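Encoded as structure tokens, the structure appears first; notes follow it.
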Amino acid sequence: MILSCSHIAKAYGVDTVLEDVTFNLEDNEKAAIVGVNGAGKSTVLKIIVNELSHDSGEISFKKNATVGYLSQINEFDSDRTILDEVMESKRYLIDMEAELKRMEDGMSSVSSADMANYMDKYHSLSEKFTNEGGYSFRGEVISVIRGLGFTDDEFGKKLNNLSGGQKTRVCLARLLLDKPDLLLLDEPTNHLDINAIEWLEGFLKAYDKAVLIVSHDRYFLDKIVTKVIEIEFKKSKVYRGTFSEFSKKKEEERAIYLKHYLEQQQMIKREEEIIRNYRSHATESEIVKAKSREKRLAHVERMEKPMEVRADMRFSIEPSIESGKDVLQVKGFSKAFPNNPLFNDIDIDIKKGERVALIGGNGTGKTTLLKILTGLYEPDSGEMKLGTNVSIGYYDQEQQLFNEEKTIFDEIGDDYPDLTNTKIRSILGAFLFTNDDVFKKMKSLSGGERGRVALAKLMLSSANFLILDEPTNHLDINSKEILETALNNYTGTVFFVSHDRYFINRVATRVIELKDKKLTNYLGNYDYYIEKTRESTIAIDNSSKSETQVKSQGQLDYKAQKEEAAARRKAENAVKNVEEKIAKLEDELKKIDENLNDESIAFNSAKLNEWLEKKNAVESELMPLYDEWENLTNNL
């Protein structure tokens, strides 16, 4: 066991955040901490790493365990470049490499009497350098930086010129390369596009040490964790299994809890009615009976109000006017910024009732395309046509115009005067504004809170074509589920950008991928998109196929299977060839090191320099092979 948290409690004045949080983590276990926003998930991580004190309870670690922590806020200023900063995670190897070079350069000046001892030290250091990945660490660093979404031309960017999200990615890269015994990650998929999230999934699945994650990304959690620690009502409960298994079990528990809660509420209501009746008679006997029942009722342990009952947080949205069948037609859109062409000659056709997800890597132009559709940007070329009676509602968390002096409640109520106070609270509750939160002034809200208010207002609008840019950012898992249900029941049309694959899977009826400046359509949800893109990457070369060629599905399936097998064999052979070259060169290095330890060479400066030159040549040949091997195996 690497971590033990026992009965952790934390309060801020009279506000108790955590009351009894208890869980353990084994050496190579991967677990998630989940709960609604404000449940105390991030607080638990901060207590574990001693950024926050706890009021009671115990935390213990395995002896000599190393701990790495990624928080949601990672601000630092430095003149270092991205590559230099991440490379610092391998400082001990860089220093070892420099020491080996220094020793090699100094061999010719070592006396014969000292040479044997000198070579022993050199050989020992060289062996340690090799065993700890000295010949592959640069490739490993570059692989991680690329995996987290940085392009090669961004490696030289200075840290103090990066956005907050980019700085977080740099911190994550360093942390992954440090390889601590326990990784604590707070919302690690924020600021990552889908490709980078998938890369991180693969890294963490292969990570042979313990990982504890706080995340609202359900798809991500489902791929990685085998234990879920839920914080609810200030206490923790541990569930074994995947996130999907947790969700199923939790749903069953919710139904049971809700039944018991409603039964208790009926009992309390019945008792209170009896007590009122007794008191209404005002006789001494009846008053005694009333007091007796009041006493018993006071000792009843009241169940917390479950989420399902809180302000009836489920809601529905309906357009006030029905659009025509054709909602949006785009022909020949192109857009480029200086030295940054985004997309070229793309077409889009969206019909009434479709829920279309637009996906693609960071910087491909997804948000720019939405801004063109909503009139915020102009395309360089192409034309757009909206269908009959189409009314657009646009959500962009960076473009919200509010009356800064209004409260959240008034911002909704003034725009929708027909809503009852209960309905307003219901909508705001679904977007995480409860109790006195609804009376916060707009000017005091964070960016995420403002985004949630804007989303709530949009859900109430009469628009029949919703265009949404990352609508699930800043929502917890329960709120995402509420939004998913609302959109799935919506009779209008939805076009949205999201990196939340679980959300895309639940909502999308079609996926459009923006890649290499072009759009590709997939007539299904995210799982369907994954299935089809895997098939396309397996195919060797379809350029010779005639687009008009008609074949049966059986023939296509058979051909795809043959192509898959052939592509697999080709990839495996390529890996095998590189591995053979690496093995041969590593054998050469081993023989060179043996010769360098030979006294007849070690004490002969001319021969020594000759063998050192051979070693440098072999190492120079090895380095690109390690990179090639890594790229090939990643694509298997």
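The values are calculated or read from the model by the stated rules, or taken from the named source; none is laboratory data. The structure displayed is predicted, hence computed values, not measured ones. Quick reminder, even Gly has a Cβ in these numbers, built from the backbone with ideal geometry, and neighbours come from all protein chains shown.
Flag set for Ile287, criterion: part of a helix (DSSP H, G or I), of a type outside the set (Gly, Ala, Ser) and at pLDDT below 90. Considering each residue of region 26-71, count those that are among the charged types (D, E, K, R) and either touching a Leu at 6+ places or on another chain (Cβ under 6 Å) or more than 24 Å from Thr226 (Cβ to Cβ) (or both), and give that number. The qualifying residues number 5. Evaluated against (1) part of a helix (DSSP H, G or I); (2) of a type in the set (A, V, I, L, M); (3) under 22 Å from Glu232 (Cα atoms), Ala456 falls short on exactly one condition, (3). The residues of region 165-187 that are buried (at least 19 other Cβ atoms within 10 Å of the Cβ) and either within 22 Å of Thr367 (Cβ to Cβ) or modelled with pLDDT under 90 (or both), listed by number, are Gln166, Lys167, Thr168, Arg169. When restricted to residues that are touching a residue at least 60 places away in the same chain (Cβ under 8 Å) and in contact with a Cys (Cβ under 7 Å, 6 or more places away or on another chain), region 58-103 contains 2. Evaluate the following for Gln264: is it in contact with a Lys or Arg (Cβ under 8 Å, 6 or more places away or on another chain), farther than 30 Å from Asp349 by Cβ and not charged (D, E, K, R)? Spelling it out, Gln264 is indeed in contact with a Lys or Arg (Cβ under 8 Å, 6 or more places away or on another chain), farther than 30 Å from Asp349 by Cβ and not charged (D, E, K, R). Does Val356 satisfy the condition of being closer than 20 Å to Tyr490 by Cβ, touching a strand residue (DSSP E or B) at 6+ places or on another chain (Cβ under 9 Å) and assigned to a strand (DSSP E or B)? Yes: the conditions hold for Val356. Is at least one residue of region 24-44 over 26 Å from the mean Cα position of the chain (by Cα) and not acidic (Asp, Glu)? No, the conditions are met nowhere in region 24-44. Checked against the criterion of being polar (S, T, N, Q) and either modelled with pLDDT of 90 or more or part of a helix (DSSP H, G or I) (or both), the candidates Ser320, Ser316, Ser280 yield just one match: Ser280.
Per the listing Leu162, Leu192, Leu200, the residue uniquely within 24 Å of Arg534 (Cβ to Cβ), out of contact with any strand residue (DSSP E or B) (no Cβ under 6 Å at 6 or more places or on another chain) and at pLDDT below 90 is Leu192.
Does Glu411 satisfy the condition of being at pLDDT below 95, surrounded by fewer than 16 Cβ atoms within 10 Å (Cβ to Cβ) and closer than 22 Å to Thr472 by Cα? No, not satisfied. In the set Asp396, Asp380, Asp414, Asp349, only one residue is among the acidic types (Asp, Glu) and in contact (Cβ under 8 Å) with a residue 60 or more places away in the chain; that residue is Asp396. Any idea which residue in region 96-115 is nearest to Ser4 (Cα to Cα), counting only those that are surrounded by 14 or more Cβ atoms within 10 Å (Cβ to Cβ) and of a type in the set (A, V, I, L, M)? Restricting to residues being surrounded by 14 or more Cβ atoms within 10 Å (Cβ to Cβ) and of a type in the set (A, V, I, L, M), the top hit is Met96. Residues in region 254-291 that are surrounded by 11 or more Cβ atoms within 10 Å (Cβ to Cβ), basic (Lys, Arg) and under 44 Å from the mean Cα position of the chain (by Cα): Arg254 only. Every condition in (1) of a type in the set (Gly, Ala, Ser); (2) exposed (fewer than 14 other Cβ atoms within 10 Å of the Cβ); (3) in contact (Cβ under 8 Å) with a residue 60 or more places away in the chain is met by Gly139 except one, and the failing one is (2).
Considering the conditions (1) within 30 Å of Ile231 (Cβ to Cβ); (2) within 25 Å of the chain's Cα centre (by Cα); (3) outside any loop (DSSP other than H, G, I, E, B), Ile427 is excluded by exactly one of them, (2). Out of (1) surrounded by fewer than 19 Cβ atoms within 10 Å (Cβ to Cβ); (2) under 31 Å from the mean Cα position of the chain (by Cα), what's the single condition that is false for Thr130? All conditions pass for Thr130, except number (2).
Of Leu212, Leu204, all but one fail to be over 22 Å from Ser143 (Cα atoms), of a type outside the set (Ser, Thr, Tyr) and buried (at least 18 other Cβ atoms within 10 Å of the Cβ); the exception is Leu212.
In summary, strands (runs of 3 or more DSSP E) completely within region 18-95 and bearing 1 or more residues that are surrounded by fewer than 16 Cβ atoms within 10 Å (Cβ to Cβ) occur at 56-61.
Every residue, every condition in (1) surrounded by 13 or more Cβ atoms within 10 Å (Cβ to Cβ); (2) of a type outside the set (Val, Ile, Thr); (3) under 30 Å from Ala98 (Cα atoms); (4) at pLDDT 65 or above, yes or no:
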position	(1), (2), (3), (4)
Ser552	no, yes, no, no
Leu556	no, yes, no, no
Glu564	yes, yes, no, no
Ala567	yes, yes, no, yes
Asn595	yes, yes, yes, yes
Lys607	yes, yes, yes, yes
Lys615	yes, yes, yes, yes
Leu622	yes, yes, yes, yes
Glu628	yes, yes, yes, yes
